[in-house]
Amino acid sequence: GAVSPSDLQGTWEVVQVAVDQRDQPHWAWFPDDPRLLGRSLEIGAAGIALDDDSRACTQPALSDLAPGTLQDFIGQRFPRPARFETPAAPTLHDFGLELPDAAIAPVQVRCTPDASPWNGAWLVRLPSGRLLTNYDNSGYVLVLQRREPDAAIRASFACGKARSAVEQAICASPTLAGYDRSVAAAYRRALGLAGD
């Protein structure tokens, strides 16, 4: 049966990008990838959209997937190739997910029309209030935290010290602030990879 998305509605922010650290040869994304970290996910009755330039899901309908445990769900969703000398099913720890193996009731998204990468995506609401998803069958799990309407906007710098018009614009927009943090994280990563 269809599930109401009402308890999922609102703005969510990607706080962790988790990938199977024992399946690195198949990475299209890496842990806390700046391309996704800090992105905002809007879930509403009329649509689901991530501010990463992917096509939004319109007229979303949610349906129940089989309930179970988080560990079993992740293991089944991300099977490893048989040729690897690792177990076929990854663990939460393999993904760097420091989460309890809770009982979950996952849901699947259907979109109209179905051209969005969100068509077939899954959502898992955790007892902690966080949300897990993967929306395009790439090998990552997004961990999201609900953004309350009155939450302070966090940029890569102290917004209390914002002086220039650009800094003030960033500090006035959660979306721009998320991109600013992503650029800063990408720069730190590039410096680390560059060595001397």
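The values are calculated or read from the model by the stated rules, or taken from the named source; none is laboratory data. What you are looking at is a predicted structure, and each value in this text was computed from that prediction instead of being measured. Quick reminder, even Gly has a Cβ in these numbers, built from the backbone with ideal geometry, and neighbours come from all protein chains shown. Calculation scope for accessible area: heavy atoms of the full protein, side chains included, ligands and nucleic acids excluded. Shrake-Rupley method; radii C 1.70, N 1.55, O 1.52, S 1.80 Å.
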(request) Look through the stretch 139-167, keep the residues that are surrounded by 12 or more Cβ atoms within 10 Å (Cβ to Cβ) and polar (S, T, N, Q), and return whichever of them is nearest to residue 52 (Cα to Cα). (result) 145
(message) I'm checking my understanding of the structure. Among residues of the stretch 117-137 that are charged (D, E, K, R) and part of a loop (DSSP other than H, G, I, E, B), which one is most open to solvent (accessible area, probe 1.4 Å)?
(response) 130
(message) Restricting to the stretch 156-196, and then to whatever is basic (Lys, Arg) and at pLDDT 80 or above, can you tell me which residue is farthest from the chain's Cα centre (by Cα)?
(response) 163
(message) Taking the condition of being out of contact with any Lys or Arg (no Cβ under 8 Å at 6 or more places or on another chain), closer than 15 Å to residue 8 by Cα and open to solvent by less than 60 Å² (accessible area, probe 1.4 Å), how many residues in the stretch 20-61 meet it?
(response) 7
(request) Can you tell me which residue within the stretch 48-61, out of those that are in a strand (DSSP E or B) and under 21 Å from residue 138 (Cβ atoms), is nearest to the chain's Cα centre (by Cα)? (result) 50
(message) Can you say whether residue 92 is under 16 Å from residue 139 (Cα atoms) and either touching a strand residue (DSSP E or B) at 6+ places or on another chain (Cβ under 7 Å) or not polar (S, T, N, Q) (or both), as far as the supplied structure shows?
(response) yes
(request) Looking for whichever is small (Gly, Ala, Ser) and touching a residue at least 60 places away in the same chain (Cβ under 8 Å) here; the options are 128, 116. Which one fits? (result) 116
(request) Mind listing whichever residues of the stretch 80-103 are modelled with pLDDT of 90 or more, surrounded by fewer than 17 Cβ atoms within 10 Å (Cβ to Cβ) and not small (Gly, Ala, Ser)? (result) 91, 93, 98, 100, 101
